[in-house]
Amino acid sequence: IIFQYLYFLIYVQEGEPKCPTVVPVYDFNPEEDAAKIETAIKTKGIDEQKIIEILTKRSCSQRAEIAFEYEKRAKKDLVSALKGALSGSLEHLILGLMKSTAQYDASELKSSMKGLGTDEETLIEMVCSRSKEELMEIKKVYREMFKKELEKDVSGDTSGDFAKLLLALAKRDEPSNVVDYEKIDNDARSLYEAGVNRKGTDVTTWISIFSERSVPHLQKVFERYKRYSPYDIKESIRKEVKGDLEKSFLTLVECMENKHLYFASRLNDAMKSKSVKDKVVTRIIVSRCEVDLMKVCTEFKRNFGKSLYQTILEHTKGDYQRALLNLCGGDD
């Protein structure tokens, strides 16, 4: 525990503060873990619990070491072995953990654009919620994994203003914390004049402001916007645009206001009905567990009256539930 706390402190000092629920385990022995996983896979009926216990409680770099040792022992790729041993939601979760955060995000983006229909909901969530730095890393990894440019796939699978917004966000290069005080008032007025204050919406102006300004800058713009418009920025978006474009702009605003609350709300919505949206739950927990899931858990409890841990306990079951609970890092 002391080691994990020290690791957390070091993690916080490097760039943007991180609040992971999964950190490197102390006294790590990859050879021993690989041997236990090999036995678990060979066991008649598969020992899923042992696989979960090890892989959900190791960091990404430690899982990579386990995979290396497993291949040396079993003369077989660990990911292939896990694919053969597991199925359903648990398989998707465990295979997701075998990738780095950027690799997982890249593969989820690829899946959202595969086949005949595009999964716009996933595309919006991932492009609109990732920081400039995260998107840059995802684009690099996407190129390495699929030998294609993310922007090219996005433009091939989407159209109109929705495509223009996603592409502008994927290409953004504004420094992450720059606030241009001279532009705040101009941007607020421009958003008003391009939308509520005219017939029809000048979406191009909205896209350029949303994609070319930093998050701290836009937060001040949205505050200033209230001086010009009778509606706040979210109400204005709902009045001016519809469909995927509306969802995208709203997601951007929600993430700029409080990204961790956005993820908490997505998780809450995914577990509201009788049929849990396993893919959404898995995607958010796997992609954020080594980034900021601790903050997401805090927002979840603050806004929805119970912990994420308790909600998972109520709405999921079996080995899939056990894996999710481990990634949550315990009940708060």
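Hey, can you tell me all the residues within the range 106-150 that are among the aliphatic types (A, V, I, L, M) and either open to solvent by less than 30 Å² (accessible area, probe 1.4 Å) or under 18 Å from Ile207 (Cβ atoms) (or both)? Lay out the reasoning, then the answer.
Within the range 106-150, the first condition is being among the aliphatic types (A, V, I, L, M), and the residues that meet it are 106, 109, 113, 116, 123-124, 126-127, 135-136, 138, 141, 145, 150.
Residues satisfying the conditions are Ala106, Leu109, Met113, Leu123, Ile124, Met126, Val127, Leu135, Ile138, Val141, Leu150.
Quick one: is Arg266 at pLDDT 95 or above, closer than 16 Å to Leu324 by Cβ and open to solvent by 10 Å² or more (accessible area, probe 1.4 Å)?
Working: at pLDDT 95 or above: yes; closer than 16 Å to Leu324 by Cβ: yes; open to solvent by 10 Å² or more (accessible area, probe 1.4 Å): yes.
Spelling it out, Arg266 is indeed at pLDDT 95 or above, closer than 16 Å to Leu324 by Cβ and open to solvent by 10 Å² or more (accessible area, probe 1.4 Å).
Modelled with pLDDT of 95 or more and surrounded by fewer than 19 Cβ atoms within 10 Å (Cβ to Cβ): which single residue out of Lys50, Lys44 fits that description?
Numbers: Lys44 fails: modelled with pLDDT of 95 or more.
Criteria check complete, one pass: Lys50.
Are there any pairs, at least 6 apart or on different chains, whose C-beta atoms fall under 7 Å, with the first in the range 90-107 and within 17 Å of Glu53 (Cα to Cα) and the second open to solvent by 40 Å² or more (accessible area, probe 1.4 Å) and modelled with pLDDT of 95 or more, and if so, which?
Leu90/Glu48; Leu90/Asp319; Glu91/Lys83; Leu95/Val79; Leu95/Lys83; Met98/Val79
Tell me which residues, restricted to the range 70-92, are open to solvent by less than 40 Å² (accessible area, probe 1.4 Å) and over 20 Å from Gln103 (Cβ atoms). Give the derivation first.
We begin by selecting, within the range 70-92, every residue open to solvent by less than 40 Å² (accessible area, probe 1.4 Å); these are 70, 74, 78, 81-82, 85-86, 89-90.
Result: Ala74, Ala85.
Working only within the range 269-282, note down all residues that are part of a helix (DSSP H, G or I) and either open to solvent by less than 40 Å² (accessible area, probe 1.4 Å) or basic (Lys, Arg) (or both). Even if it seems obvious, please write down each step before you answer.
At the first step, the residues of the range 269-282 found to be part of a helix (DSSP H, G or I) are 269-270, 278-282.
Of everything in the range 269-282, those that are part of a helix (DSSP H, G or I) and either open to solvent by less than 40 Å² (accessible area, probe 1.4 Å) or basic (Lys, Arg) (or both) turn out to be Ala270, Lys279, Val280, Val281, Thr282.
So is Arg213 touching a Leu at 6+ places or on another chain (Cβ under 8 Å), surrounded by 13 or more Cβ atoms within 10 Å (Cβ to Cβ), of a type in the set (D, E, K, R) and modelled with pLDDT under 95 or not? Quick ask: steps written out before the conclusion?
On the way: touching a Leu at 6+ places or on another chain (Cβ under 8 Å): no; surrounded by 13 or more Cβ atoms within 10 Å (Cβ to Cβ): yes; of a type in the set (D, E, K, R): yes; modelled with pLDDT under 95: yes.
When the stated conditions are applied, Arg213 does not pass them.
Within the set of pairs 6 or more residues apart or between chains, which connect a residue that is touching a residue at least 24 places away in the same chain (Cβ under 8 Å) inside the range 20-38 to a residue that is open to solvent by 60 Å² or more (accessible area, probe 1.4 Å) and acidic (Asp, Glu) with Cβ atoms less than 6 Å apart?
Note: pairs meeting the criteria are Pro30/Glu65.
Failed condition for Val241, given (1) open to solvent by 20 Å² or more (accessible area, probe 1.4 Å); (2) over 30 Å from Pro17 (Cα atoms), with all others met?
Result: Val241 fails condition (1) only.
Among the residues of the range 283-316, write down those that are in a helix (DSSP H, G or I) and open to solvent by 50 Å² or more (accessible area, probe 1.4 Å). Let's see the steps before the verdict.
Looking only at the range 283-316, we keep the residues that are in a helix (DSSP H, G or I), and these are 283-288, 293-304, 308-315.
Met294, Lys295, Thr298, Lys301, Arg302, Asn303, Phe304, Tyr309, Gln310, Leu313, Glu314, His315, listed by residue number.
So Leu261 fits all but one of (1) open to solvent by less than 40 Å² (accessible area, probe 1.4 Å); (2) in contact (Cβ under 8 Å) with a residue 40 or more places away in the chain; (3) outside any loop (DSSP other than H, G, I, E, B); (4) closer than 23 Å to Leu293 by Cβ; what number is the exception?
(1)
Filter the range 275-332 down to the residues that are farther than 19 Å from Ser87 by Cβ and of a type in the set (Ser, Thr, Tyr) and list them by number.
Those that are farther than 19 Å from Ser87 by Cβ and of a type in the set (Ser, Thr, Tyr): Ser287, Thr298, Ser307, Tyr309, Thr311.
Kindly indicate whether Asp319 is open to solvent by 40 Å² or more (accessible area, probe 1.4 Å) and within 26 Å of Gly160 (Cβ to Cβ). Outline the logic, then answer.
Numbers: open to solvent by 40 Å² or more (accessible area, probe 1.4 Å): yes; within 26 Å of Gly160 (Cβ to Cβ): no.
When the stated conditions are applied, Asp319 does not pass them.
The values are calculated or read from the model by the stated rules, or taken from the named source; none is laboratory data. Worth saying up front: this structure is predicted, and the values here are computed from it rather than measured. When we count neighbours, we look across all protein chains shown, and the Cβ atoms used for this are built from the backbone with ideal geometry, even at glycine. We work out accessible area using only protein heavy atoms, side chains counted, and drop any ligands, DNA or RNA first. Shrake-Rupley method; radii C 1.70, N 1.55, O 1.52, S 1.80 Å.
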